[in-house]
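What follows is a short report on a single structure.
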Amino acid sequence: MSQPPHYNLFDSRGNHVPLGKKVGSGGEGDVYEIAPHRMDVLAKIYHRPLTEERQEKLRLMVSGCNDDLKEFAAWPLDLLHAGNNGPVCGFVMPRIIDCEPIHKVYGPSHRKESFPNADWKFLVRTAKNLAAAFYIIHKYGYVVGDVNEGNILVTKKACVRLIDCDSFQVQTHDKIFHCEVGVAQFTPPELQKSKDFKMLRTQNHDNFGLAILIFLLLFMGRHPFSGVYKGTDDMPIERAIAEHRFAFGRSAALKAMSPPPNSVGLSVVPGEVSSLFEQAFAESGIQSWGRPSANDWWNVLDALEKRLKKCPTESMHTYYTGIATCPWCTLENSSGILLFLSSDTISRIDVAAEWQKVLVIKPPGPIPEINPQKYRCLPAPLSPDIARALKFRKVLQVAAALLLIISAGLMVGPLWTGTYSTKDLAGLVPAVIAGFLLMYPGRDTAEKKRRKKEFEDARYSWRLWEKKWKAEAGDAEFTAQLGALTALKGRYETIEQEYKNALVTLQHTSRERQEKKFLENCFIDTCTSSKLGENRKATLRSFGIETAADIAPYKVMSIPGFDTAMTTELMNWRKQQENRFVFDEGKGISTSDVQGLIHTFQPKIRPVERELLIGIEKLHAIQQKIFKNRVKFQPVIEKSARDLAQAHASLSAFRLTGKIF
């Protein structure tokens, strides 16, 4: 039986269906527009005649179509027959536009081209919508079966659409229409060794592939079973899956596995999300309903989306609020890989305008000088008794002084002439008497001690207040903050100038930049080498090699299972792509080149920006605090100075000498 001509197509109601231009082609059939003016649907026409079983399967899918399925999938809407009432040769399905394959969302290089405005929140939402799509498929009793990155599309709004739905497993109460295809990188362990996919698939099998895709989305294209294997033999992804070697899991070390370089771990997601990954990839997952369902995933991803925050350094970075610092900044800085495209400029502020705010903040100036020595105080008056006692003490002091002079005269003569003898010790008697006179406890002694205590207390209080006055009302803090801001402004301007210089350098290296840009668009997926199957391509992508630009001998050789021959093969393919490059002299600096510079300089300038903005606010706050403290403390400080001056004057009535301030 030969395939009927495409112009002889009829729908289930016997209406003629004319085809328009071909818009796609696959292994099983071609996809066409339906003429005229049917922009909402497409027609898939198979290359070969369908078996009765395949025709019956399509009839069941069309009869089971509903609004839920149409929202998430290119579901068969109607059958197409070869001739009126002839055999089924195709079907009508919804037209899905403005979509890209899901791997262009989670792969950083693809994402920068296809989804330049996507951040991690976009990836989380895509994962959530993917779970919703699987939930709907499972809700109506269908099984995807062939879960893989090629039959899932994503819109610019993170909506998910499933295609190739005619390969899904369809089951009635007495018959199963199998999904007869599969991709090893998304096939659960219990099916890995199967040579024939014509078997009963379960939703639990789908849940394994769903968990793989969600992991790829949340972890920047890293396959959960592609890591660094500590053994000496080869560890391809399908073997790692079969042996439950989850490279990011709690038991990874026991399985001789560890995550690949330049990747993040499960700590970037909440515990409930990481627990679902552990459950999905654990050995217990092979049991019936052992893996998280699509609904389980939707619930935790919906909660995660609500618990995201923006990075203070890079606005395009969003991350889980449960971790202290942005993991994407850390990963970008350590790996040099641009995970998300930044905004159009390296800076968010106009530094000249911000500096004007600094200039209008009036410096408080030197602190007003307050000194106890400037206060002239009279001693507190003495009582008559104390005054008489003090006069008597002064008489005693004069007498004691005369006795000391006499004693000195009696002792110096013999010492001078060298005739000193024991009888000359009598010369010490006047000195002893003088000592008794000076030690005589007159009635003024207590008053003197009291005034001395008042003076010492006043001096101690003054020193404390003087220190507080200089610290909190002086301009030292303001001057220091102004100096720090000036240094920050200088750092900002230096980085800004370095960025401008780098832009000039870009203009001088346009050929190299254009070639790099060209190679970044030569994706590994397009390599047709017989040595590079889909499994090895997935491994390369998991280790961050997505394009020809990523290929370097040291990178390839560091991947387990990639030897010298494979490295040479990849380098030859890169060389082939380089030979295809044609330099365009009239082409300016590309947006992605500028974005690369922005990525380099933003982490440098954004912290300076933030410090500058906070520092300006702090400078104003310091100024206000100083003015407030001067008003608040000056009366107290002046009183303390006067108290010390008065205590000093009162104590001076006893004619004490020495440094007292």
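The values are calculated or read from the model by the stated rules, or taken from the named source; none is laboratory data. Nothing here was measured: the structure is a model prediction, and the numbers come from that model. When we count neighbours, we look across all protein chains shown, and the Cβ atoms used for this are built from the backbone with ideal geometry, even at glycine.
Pairing residues of the stretch 1-28 that are among the small types (Gly, Ala, Ser) and modelled with pLDDT of 90 or more with residues that are part of a loop (DSSP other than H, G, I, E, B) and surrounded by fewer than 10 Cβ atoms within 10 Å (Cβ to Cβ), at Cβ distances under 6 Å and at least 6 apart in sequence or on separate chains, gives no pairs at all.
Assess whether Glu585 counts as being more than 25 Å from Lys104 (Cβ to Cβ), among the charged types (D, E, K, R) and not assigned by TED's automatic domain parsing to the domain that holds His110.
yes
Scanning the stretch 356-399 for residues that are of a type in the set (A, V, I, L, M, F, W, C), within 30 Å of Gln624 (Cβ to Cβ) and outside any helix (DSSP H, G or I) gives Val360, Ile361, Ile367, Ile370. For the stretch 463-518, the candidate set comprises residues that are assigned to a helix (DSSP H, G or I) and acidic (Asp, Glu); within that set, the residue that is surrounded by the fewest Cβ atoms within 10 Å (Cβ to Cβ) is Glu512. Within this structure, Lys44 fails the test of being surrounded by fewer than 18 Cβ atoms within 10 Å (Cβ to Cβ), touching a Pro at 6+ places or on another chain (Cβ under 9 Å) and closer than 22 Å to Val147 by Cα. Taking the stretch 37-54 as the range and being in a loop (DSSP other than H, G, I, E, B) and either in contact with a His (Cβ under 8 Å, 6 or more places away or on another chain) or over 16 Å from Gly24 (Cβ atoms) (or both) as the test, the residues that pass are His37, Arg48, Pro49, Leu50, Thr51.
Is it the case that some residue within the stretch 553-563 is part of a helix (DSSP H, G or I) and acidic (Asp, Glu)? No; the residues of the stretch 553-563 include none that is part of a helix (DSSP H, G or I) and acidic (Asp, Glu).
Do we find a residue being more than 18 Å from Ala127 (Cβ to Cβ) and modelled with pLDDT of 90 or more anywhere in the stretch 204-219? Checked against the condition, which is being more than 18 Å from Ala127 (Cβ to Cβ) and modelled with pLDDT of 90 or more, the stretch 204-219 yields at least one hit.
The residues of the stretch 300-349 that are of a type in the set (Gly, Ala, Ser), modelled with pLDDT under 90 and outside any loop (DSSP other than H, G, I, E, B), listed by number, are Ser334, Ser335.
In the set (1) of a type outside the set (S, T, N, Q); (2) crowded, with 23+ Cβ neighbours inside 10 Å; (3) at pLDDT below 90, the condition left unmet by Val144 is number (3).
Conditions (1) free of Cβ contacts under 8 Å to residues at least 12 places away in the same chain; (2) surrounded by fewer than 16 Cβ atoms within 10 Å (Cβ to Cβ); (3) more than 30 Å from Ile349 (Cα to Cα); (4) of a type in the set (Phe, Trp, Tyr), marked per residue:
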{"position": "Pro270", "(1), (2), (3), (4)": "no, no, yes, no"}
{"position": "Arg291", "(1), (2), (3), (4)": "no, no, yes, no"}
{"position": "Trp298", "(1), (2), (3), (4)": "no, no, yes, yes"}
{"position": "Thr321", "(1), (2), (3), (4)": "no, yes, no, no"}
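Taking (1) buried (at least 22 other Cβ atoms within 10 Å of the Cβ); (2) closer than 27 Å to Phe215 by Cβ in turn, Glu71 satisfies each apart from (1).
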